[in-house]
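Student: Could you have a look at this structure, given as structure tokens, before my questions?
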Amino acid sequence: MKRTIPLLLATTLASSHGLAAAAADLQTLIDAARQEPPLTIYAPSGKIVETAAAFSHKYGVKAEGLKINGAAQLEKMTREFRASNVRGDVVLTGDPAAALAQLLPLGIVENWVPTDIASQLPAANQQPLLVYGDPVVWSYNTEVYHDCPVDNIWALTEPQWQRRVTLQDPLTKASYLDWFNQLEQRYDAQMAAAYQAYYGKPFDTSQGSATEAWVKAFAKNAPLPTDSDGPASEAVGAPGQKTPFIGLISTAKYRDVAKGKLKMAICSQMQPFVGLTTPAFGLIASKTKSPNAARLLLHYLMTEEGIANQTVDGKISGNPTIAPNAQEASGVHKIADRLLSYSATEAISDFDARQRWSDLWRLNFTR
């Protein structure tokens, strides 16, 4: 039986701590937060350290930010909950599917949306609270190519791109396995349309899904898997190359383009998508001793001031009223509507399908 997202996600304006009404009054929330123990935030980006410092300075509420990746987040939050010894009061999910499939159903975390901001947010960004989407985009070397030499991801399965495409290893970056599943569940018709646009004939559905066929063919074409976006961005954008890679790269690496260290731009015409976003959902530990401070932090992160140090790297705020950061280097906001957006309703399906997609990749991957 297919598992579904639990109804716990709907508890946006009420929780066991019972401050929903008072939270509408920001000053009341601030005053309550100042009476609570110091706050700790787990996040996948090291920038959470400066976010916590700025939050503390603004509100007089002690907070510490810790960079912790998705797998470690899951383990720490679970252990702390079982021991009733919470260290991480707020988590910005580094592994959203795991958080929605495990942390929420077990009551380890809860969802909350600032009441005074809720009207600005699409319903999909409240279930649970989307703090930001972290984009990765198909990128090419601008020193060698005037325009991106590829405009269809099926081209990346062809011999001319064998061993010349790079991305973080899907076997260690679970969000890419989730991406495969979301493509199949939500966008397989677009994958089939891209196949027909590239090959001039309809996709043969007897092969299964178009997404599965692409993943197999892509893996067989020996892409270069990396352990981070750093090596991948170097393979794509390092100057002085003759045959640079095409790569799926975090927009954060475009800071090095602005500094002149890399020569890189987005493949803005890539079909059927230019890139994808991994969501950072903001969730509160259900046993936190600082529930008001946790809510105040989430409120802060949903403002332009609170999220600016993330949007400068191309992250897209879950609050659509926040304008793109003027200092962001990639220009991803110009093609944001062509990014594969993550659907939280598929999170449990993504989590349950990870073994299937990792097996498919492992069996077909050619070095």
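Student: Are any residues in region 83-108 within 14 Å of ILE284 (Cα to Cα) and of a type in the set (Ser, Thr, Tyr), and if so, which ones?
Tutor: The answer is THR93, and nothing else.
Student: Of all residues being in contact (Cβ under 8 Å) with a residue 60 or more places away in the chain and of a type in the set (A, V, I, L, M, F, W, C) in region 325-335, which is farthest from VAL274 (Cα to Cα)? Just the residue, please.
Tutor: My answer is ALA329.
Student: Out of ALA83, ALA63, ALA71, which single residue is over 23 Å from TYR300 (Cβ atoms), modelled with pLDDT of 95 or more and either of a type outside the set (Lys, Arg) or touching a Pro at 6+ places or on another chain (Cβ under 7 Å) (or both)?
Tutor: ALA83
Student: Out of (1) closer than 30 Å to GLN196 by Cβ; (2) touching a residue at least 12 places away in the same chain (Cβ under 8 Å), the odd one out for LYS173 is which?
Tutor: The single condition LYS173 does not satisfy is (2).
Student: Find the residue count for region 242-260, including only residues that are more than 20 Å from GLU158 (Cβ to Cβ) and over 25 Å from the mean Cα position of the chain (by Cα).
Tutor: Total meeting the criteria: 1.
Student: Here are LEU177, LEU183, LEU224: which of them is touching a Ser or Thr at 6+ places or on another chain (Cβ under 7 Å) and surrounded by fewer than 18 Cβ atoms within 10 Å (Cβ to Cβ)?
Tutor: Just one listed residue meets the conditions, LEU224.
Residue by residue, here is whether (1) assigned by TED's automatic domain parsing to the domain that holds SER119; (2) surrounded by fewer than 24 Cβ atoms within 10 Å (Cβ to Cβ); (3) among the polar types (S, T, N, Q); (4) without any contact (Cβ under 8 Å) to a residue 60 or more places away in the chain holds:
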site: TYR254; (1), (2), (3), (4): no, no, no, no
site: MET264; (1), (2), (3), (4): no, no, no, no
site: GLN271; (1), (2), (3), (4): no, yes, yes, no
site: GLY282; (1), (2), (3), (4): yes, no, no, no
site: LYS287; (1), (2), (3), (4): yes, yes, no, no
site: ARG295; (1), (2), (3), (4): yes, no, no, no
site: LYS315; (1), (2), (3), (4): yes, no, no, no
site: ALA323; (1), (2), (3), (4): yes, yes, no, yes
site: SER343; (1), (2), (3), (4): no, yes, yes, no
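Student: Right, next: Can you spot a residue in region 142-157 that is assigned to a helix (DSSP H, G or I), within 28 Å of PRO96 (Cβ to Cβ) and at pLDDT below 95?
Tutor: No, every residue in region 142-157 fails to be assigned to a helix (DSSP H, G or I), within 28 Å of PRO96 (Cβ to Cβ) and at pLDDT below 95.
Student: Same structure, new question: Given (1) assigned to a loop (DSSP other than H, G, I, E, B); (2) of a type outside the set (Phe, Trp, Tyr); (3) closer than 25 Å to ARG87 by Cβ, identify the lone condition not met by PRO244.
Tutor: (3)
Student: Out of all the residues in region 125-155, which are among the aliphatic types (A, V, I, L, M) and over 15 Å from the mean Cα position of the chain (by Cα)?
Tutor: VAL144, VAL150, ILE153, ALA155
Student: Any residue in region 105-120 that's assigned by TED's automatic domain parsing to the domain that holds TYR300: show its pairings with residues that are in a strand (DSSP E or B) and of a type in the set (S, T, N, Q) at Cβ separation under 6 Å, as long as the two are six or more apart or on different chains.
Tutor: The qualifying pairs are VAL113/GLN126.
The values are calculated or read from the model by the stated rules, or taken from the named source; none is laboratory data. Everything quoted here is computed from the prediction, not taken from an experiment. Here the Cβ is made from the backbone with ideal geometry for all residues, glycine too, and neighbour counts use every protein chain on show.
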